[in-house]
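Step one of this worksheet: look at the structure below.
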Amino acid sequence: MKVAVVQINTVLGNLEKNIEKICQFTEKCIEKGVSICLFPELSITGYYLQDITSEIAIKPDDERLSPLKKLSKHIGIIVGGIEESEEHILYNSAFFIEDEKVKHIHRKVYLSTYGMFDEARFVGAGKTFRTFTACGFKSTILICEDCWHFSSIYLPFLEGTKLIFVQSASPGRGYRENRMFGNARVWKNMGEFYSRLTASYFIYANRVGVEDGFIFSGNSFICDPYGNIVNEGSPFEEEIIIADIEPSLIRSARISLPLLRDEKPWIIEKELKAFLEGKK
């Protein structure tokens with residue numbers, strides 16, 4: 001099975017134009033025989049939405065998603081946008097679209113509220129990390145800051161996830177030699193570590209381009225279950241990054257390093273309970 005990461009630039013607040021671009025790249029992925037394509041965080045809306053957040057929010061049945069749903073007859077698509085719940089709470093969400101339906105939604109749990117980020121002013125926080133099935137593989141989706149917290153990886157790991165899809169809109173910070181931002185190197189370190197630790201594929205999509213004075217750092221990549229980066233993108237260009245998902249690699253990685261087999265979540269449960277009750 002082939003999976004693709006598509007790093008793109010978006011137009012702030014212009015859903016129609018962004019969806020049109022996503023469709024164009026998705027069609028190219030279909031031509032290349034890709035089964036699932038992953039787009040960056042807030043790929044259909046842009047990132048620094050602030051006061052227009054409520055204006056561009058969508059629900060799973062929004063007609064503007066119809067072009068993507070039509071293409072999803074041929075390929076699984078993961079995009080990001082502002083979701084409005086039935087209770088009219090706004091979330092930074094990822095949508096997995098397959099067979100003309102939104103089959104899974106992940107709401108960003110850990111909102112960035114430091115430095116240049118102020119997400120909690122405009123959206124609510126999700127409450128769960130769930131696995132879902134994508135092309136026969138148990139999978140999970142995380143959004144940017146989620147990855148910086150152990151719980152986001154640990155819970156899907158316990159459920160046996162094999163594909164970790166990560167969306168990001170990470171501005172470049174600390175430009176270094178070899179056309180790479182410092183934060184991009186940190187993301188690669190994280191992907192290499194988490195993929196090896198969980199014996200899963202780590203599939204990371206970051207956006208490119210400029211928005212509100214910030215340059216997004218690109219460098220999307222795909223890690224195999226042994227922690228090897230098998231394909232990666234550049235820091236500035238829109239492009240498609242493709243890799244093969246090989247079940248045999250997942251199997252061999254989990255047999256050679258049986259961390260899931262030997263994990264003891266009841267110890268975590270006991271210690272967390274004591275901590276929350278003030279006994280630690």
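Of all residues in region 11-24, those that are free of Cβ contacts under 8 Å to residues at least 40 places away in the same chain have Cβ atoms under 6 Å from Cβ atoms of residues that are assigned to a helix (DSSP H, G or I) and open to solvent by 20 Å² or more (accessible area, probe 1.4 Å), 6 or more apart or on another chain, in 11/17.
Of the residues making up region 233-242, those that are among the charged types (D, E, K, R) and modelled with pLDDT under 95 number 1. Exactly one residue out of 241, 229, 255 is β-branched (Val, Ile, Thr) and exposed (fewer than 13 other Cβ atoms within 10 Å of the Cβ), and it is 255.
Being within 21 Å of residue 73 (Cα to Cα) and surrounded by fewer than 22 Cβ atoms within 10 Å (Cβ to Cβ) is the filter here; which residues of region 126-135 pass it? Answer for region 126-135, where residues must be within 21 Å of residue 73 (Cα to Cα) and surrounded by fewer than 22 Cβ atoms within 10 Å (Cβ to Cβ): 132, 133, 135. Which residues, counting only those in region 12-35, are more than 19 Å from the chain's Cα centre (by Cα), closer than 18 Å to residue 244 by Cα and not in a helix (DSSP H, G or I)? Correct list: 32, 33.
Quick one: is residue 91 of a type in the set (Ser, Thr, Tyr), out of contact with any Pro (no Cβ under 9 Å at 6 or more places or on another chain) and not in a helix (DSSP H, G or I)? So residue 91 passes the test.
Screening 111, 142 for residues that are assigned to a strand (DSSP E or B) and either within 15 Å of residue 42 (Cα to Cα) or touching a Gly at 6+ places or on another chain (Cβ under 9 Å) (or both) leaves exactly one candidate, 142. Just so you know, in region 183-208 the residues that are more than 24 Å from residue 240 (Cβ to Cβ) and either in contact with a Phe, Trp or Tyr (Cβ under 6 Å, 6 or more places away or on another chain) or charged (D, E, K, R) (or both) include one that is surrounded by the most Cβ atoms within 10 Å (Cβ to Cβ), and it is 198.
Applying the criterion of being in a helix (DSSP H, G or I) and under 27 Å from residue 136 (Cα atoms) to the residues of region 52-83, the residue that is most open to solvent (accessible area, probe 1.4 Å) is 70.
Filter region 136-152 for residues that are surrounded by 15 or more Cβ atoms within 10 Å (Cβ to Cβ) and on the phi > 0 side of the Ramachandran plot and give the result. Across region 136-152, the qualifying residue is only 144.
Any residue at all in region 243-262 that is under 19 Å from the mean Cα position of the chain (by Cα), among the small types (Gly, Ala, Ser) and either more than 21 Å from residue 153 (Cα to Cα) or modelled with pLDDT under 95 (or both)? Yes - at least one qualifying residue is present in region 243-262. Only one entry of 100, 86 meets the criterion of being in contact with a helix residue (DSSP H, G or I) (Cβ under 6 Å, 6 or more places away or on another chain) and farther than 22 Å from residue 12 by Cα, and that entry is 100. Of the set (1) open to solvent by 60 Å² or more (accessible area, probe 1.4 Å); (2) at pLDDT below 95; (3) not acidic (Asp, Glu), all apply to residue 112 but (1). Among the residues of region 92-99, is there at least one that is out of contact with any His (no Cβ under 7 Å at 6 or more places or on another chain), over 21 Å from residue 52 (Cα atoms) and open to solvent by less than 60 Å² (accessible area, probe 1.4 Å)? Yes, because at least one residue in region 92-99 is out of contact with any His (no Cβ under 7 Å at 6 or more places or on another chain), over 21 Å from residue 52 (Cα atoms) and open to solvent by less than 60 Å² (accessible area, probe 1.4 Å). Residues in region 209-232 that are out of contact with any Cys (no Cβ under 9 Å at 6 or more places or on another chain) and at pLDDT 95 or above: 220, 221, 222, 223, 224, 225, 226, 227, 228, 231, 232. On inspection, residue 43 qualifies as assigned to a loop (DSSP other than H, G, I, E, B), at pLDDT 95 or above and polar (S, T, N, Q).
The values are calculated or read from the model by the stated rules, or taken from the named source; none is laboratory data. Because the structure is a prediction, the values reported are computed rather than measured. A quick note on method: Cβ atoms are made from the backbone with ideal geometry, for glycine too, and the neighbour counts reach across all protein chains shown. Heavy atoms of the whole protein, side chains included, go into the accessibility calculation; ligands, DNA and RNA do not. Shrake-Rupley method; radii C 1.70, N 1.55, O 1.52, S 1.80 Å.
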